[in-house]
Amino acid sequence: MIRTGIIRSYNRVARVGTIEDGNRQRIKFHAKLSSFTFKPGDIVHFEIYQSTIGLHAINVLNVIERNGEKVNLR
């Protein structure tokens, strides 16, 4: 199931961050293999993975407008 959320924090060096979904749940993600760059306020689509230590967002992708721009709330 694909979810939509907002990047709330992102460390560019470590390439890890937190997404807030529509339920106001904070979900961690790692973008080490992604070619995308993220920043707080970006709207993203993602899937949920349940690990032994909790929920993680996987396959995180920026939401792109028709003109090719990333959607950002800031």
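We did not get these values from a lab; they are worked out from the coordinates using the rules stated. Please read all numbers here as calculations on a predicted model, not as lab measurements. Ideal geometry is used to build each Cβ from the backbone, glycine not excepted, and the neighbour counts take in all protein chains shown.
Remarks
- About the Cα centre, charge dipole magnitude for the chain (Lys/Arg +1, Asp/Glu -1 at Cβ), debye: 240 debye
- Based on Cα atoms of the stretch 31-74, Rg over Rh with Rh as the Kirkwood radius reads 1.03.
- If the chain linking ASN67 and HIS45 were pulled fully straight, counting 0.36 nm for each residue of separation and taking away their Cα-Cα distance, it would gain 6.1 nm.
- Counting charges near ALA31 (Lys, Arg +1; Asp, Glu -1) among other residues having Cβ under 13 Å from its Cβ returns a value of +4.
- Along the axis of the charge dipole computed for the chain (Cβ charges of +1 for Lys and Arg, -1 for Asp and Glu, origin at the Cα centre), the listed residues HIS56, VAL13, PRO40 are led at the positive end by VAL13.
- Net charge of Cβ neighbours under 13 Å - reference ARG74; Lys, Arg +1; Asp, Glu -1: +2
- In the stretch 3-62, the convex hull through the Cα atoms has an average projected area of 3.7 nm², a quarter of its surface area.
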